[in-house]
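Everything below concerns the one structure shown next.
Please treat every number below as a calculation from the coordinates, not as lab data. Since the model is a prediction, treat every value here as computed from it, not as a measurement. Note: ideal-geometry Cβ built from the backbone for every residue, glycine included; neighbour counts use all protein chains shown.
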Amino acid sequence: MDYKVADLSLAAFGRKEIQLAEHEMPGLMAVRAEYAEAQPLRGAKIMGSLHMTIQTAVLIETLVALGADVRWVSCNIFSTQDHAAAAVVVGPDGTVDAPAGVPVFAWKGETLEEYWWCTDQALSWPDGTPPNMILDDGGDATLLVHKGAEYEKLGAVPTAGEGDPEEWGIILETLRRTIAERPGRWTETAAAIKGVTEETTTGVHRLYEMAKAGTLAFPAINVNDSVTKSKFDNKYGCRHSVLDGLNRATDVLIGGKVAVVAGYGDVGKGCADALRGQGARVIVTEIDPICALQAAMDGFQVTTLEDVVETADIFVTTTGNFDIITADHMARMKHNAIVSNIGHFDNEIDMAGLARTPGIVKEEVKPQVHTWTFPDGKQIIVLAEGRLMNLGCATGHPSFVMSNSFTNQVIAQIELFTKTEDYPLGVYVLPKHLDEKVARLHLDALGVKLTKLTKEQAEYIGVDVEGPYKPDHYRY
Ligand code: NAI
């Protein structure tokens, strides 16, 4: 088996944590039991690009239990948990000397070159055949396939990319090399893929853009906008893991501090709630009047970053947008202000601009925690080099909330793989009855007792006794 992880000897520790996680992931385990016999993913060759954590290990092993052949990478250079990666490679029945699990190409602290090399490795089976499904988080695997196929059609890989010059240089080089090695590979891959299921807001945004531009090459299910994903993982997951990231990175007392949360979408709502829970005075910035009004009615001061940049202690960006905190902002911050991002990409904070500041000195306090000292002696603390701090500095969301997200992922993979003709080229969300099913699978574990509608009540509000209970336009 081909794979590349940090240290296979961590597998036993990883396996113990996987077993603990399985208990906390009732949705995934129920889906495993439900489809064990039917094996709906037999024949599926799934390439996954999603943070290689313990929770993801349970997802991977669920896909395998349903018949899939899987290869995996992390979707971020800092988010891999090395013991999880090792345990997945060794597999439940293998040994360190004879790994019998799933090929994983991921370790904590990859370089960007290594990151794109890993993505390329996972997109090609050892016999040279392509995957027929992608499970993506942020859209990098989807992007590589699309760009590869586009440049093959053009007959040339351009010299400049569409975003950050450093990262695009590496993406273009990866495509140049792989196309030279095997011309037509990416066109073949794009044609072989029945569909992609996308985990996060940022990746979903990319998919809708491609659909709008007419460049989408295969159908997609937007897992993020299942209610049981974005209204749970993004919100309650970040409510947990934003504090975990801050605590493990700095252990600074949050109570009494002024914390700025940029963006009051699902992630921002969770972060602001958590910081307030610790006694911070939380200030929100927003561009959307609806979210700004929500933040105000939830009791937060809403103002611009300009107004508070010099006085706040902790900054967390949650926007999925770029240039939220600029180098100029950072130069104006207080000594030891903590600067962090929990959105998908690192461009929310202008790290490149910070590095260009004349006379600035960067020092590592510990991995993923750096001080940046300005010529006047003032320093700021930047977490995870501007990449998502909850996965870079801590271990991301806990199992129970990820069980909701990943049960949606597995159902979406089954939908696209087994009912391909029901999903012509486009971007879809799962039907509401499946969203309700995911929630239902998590109720018992929390001791929740549902009230059952009477037939008369169901008729009165115009729904079926068995659901769905809300129209598609309902917002929760
Ligand atoms: P969302 O769209 O619900 O929220 C983003 C909010 O930021 C919106 O309300 C928008 O109006 C606001 N915004 C945009 N530009 C802004 C600006 N210049 N200043 C202030 N506010 C601005 O998106 P969601 O679901 O909250 O996700 C946000 C990001 O977090 C995405 O990149 C997503 O992929 C990522 N994410 C990260 C997770 C993690 O574990 N780290 C988990 C889930 C999502």
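Overview of results
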| read-out | value |
| --- | --- |
| DSSP bridge pairs, the stretch 236-393: antiparallel proportion in percent, nearest 5 | 35 percent |
| Overall dimensions of the stretch 335-376 by Cα: Rg and Dmax, Å | 11.0, 32 |
| Unsatisfied cross-links (Cα-Cα over 25 Å) in the set Lys16/Lys366; Lys432/Lys455; Lys45/Lys470 | Lys16/Lys366; Lys45/Lys470 |
| Three-way shape label, the stretch 165-223, alpha-carbon gyration tensor, a/c 1.5 | oblate |
| For peptides 22-28, 137-143, sequence by mean Cβ density within 10 Å, most packed first | 137-143, 22-28 |
| Overall Cα dimensions of the stretch 236-393 - principal axes, largest extent first, Å | 43, 28, 28 |
| Efficiency of FRET between Lys470 and Thr326 - r from beta-carbon atoms, R0 30 angstrom, step 0.05 | 0.15 |
| Alpha carbon Rg of the stretch 107-219, scaled by the compact-globule rule 2.2 N^0.38 Å | 1.01 |
| Cα gyration tensor of the stretch 230-323 - equivalent ellipsoid semi-axes, whole Å, descending | 18, 16, 12 |
| Once the Cα gyration tensor of the stretch 405-467 is diagonalised, semi-axes √(5λ) in Å | 28, 18, 7 |
| Antiparallel DSSP beta bridges within the chain, percent to nearest 5 | 20 percent |
| Inter-site label distance for Gln19 and Lys362 at 7 Å from Cα along Cβ, in nm | 4.2 nm |
| Estimated [θ] at 222 nm from DSSP helical runs (n ≥ 4, -39500 (n - 2.57)) normalised by residues in the chain, nearest 500 | -12500 deg cm²/dmol |
| Shape of the stretch 1-69, Cα gyration tensor, a/c cut at 1.5 | oblate |
| Distance in nm between pseudo-label sites at Ile461 and Ser9 (7 Å out along the Cβ direction from Cα) | 5.8 nm |
| Surrounding net charge for Lys437, when Lys and Arg each add one and Asp and Glu each subtract one, Cβ distance under 15 Å | -2 |
| Relative contact order [Cα under 8 Å, 6+ residues apart], the chain, whole percent | 15 percent |
| Projected-area average for the chain over all orientations - Cα convex hull basis, square nanometres | 23.9 nm² |
